[in-house]
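A.B. asks: Sharing a structure below in structure tokens format, with a few things to ask.
All of the numbers you see were taken from the coordinates with simple rules; none came from a lab. Owing to the predicted nature of the structure, the values given are computational and were not obtained by experimental measurement. As a convention, Cβ positions derive from the backbone with ideal geometry for all residues, glycine included, and neighbour counts pool all protein chains shown.
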């Protein structure tokens, strides 16, 4: 699959012809779908792209803080998935394998661009993760002062997450924003669950201390 074809797959278009269901009540797991990709089923790959595109772009945006870079990095993840299809083995959850690829790319990108990245900003039309509302459309019950305080709080949280040590930052993003559990994060980062819990505990303690004026 060439990059142009992948770009088309990642753009808005009718749903994939692949139907992730088998005779019976249970559907294919993502690992089984990836095995179909390995066997040459292009529609199965399209299904995975459509399913994971938004989560991966979101993950990459939180690492790169740049929309165009996030889109490019997500595309590169899928290219690597496709190029690795012949060596894929369903020995771990598909999402673990997928996010290992994404994490390696995100870390490399962060290291390569750390001297050219802008300060953390917030888009006025980006929804607040906690309230689901956008900053340019204040809640009718909120005062202007409350709106500004909430915006300042969002900026502070993002800046402090951005400043965490690399592994802590990755763990927080996967835990808070990607809704991944300790085991999934541990598998992606190749840590034990206890080490992952300790990593997150230290990260959240740091954030709690640095953001206590907003709590």
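A.B. asks: If r is the Cβ-Cβ distance from residue 197 to residue 92 and R0 is 22 Å, what FRET efficiency results, to the nearest 0.05?
C.D. replies: 0.65
A.B. asks: Which ordering of 205, 162, 71 is given by a fewest-first count of other beta-carbon atoms within 10 Å?
C.D. replies: 205, 162, 71
A.B. asks: Determine, for 212, 176, the number of other Cβ atoms within 10 Å of each Cβ, and report the residues in order from fewest to most.
C.D. replies: The most exposed by this proxy come first: 212, 176.
A.B. asks: For the residue pair residue 68 and residue 54, what label-to-label distance in nm results when each label sits 7 Å from Cα along the Cα-to-beta-carbon direction?
C.D. replies: The two pseudo-label positions are separated by 2.5 nm.
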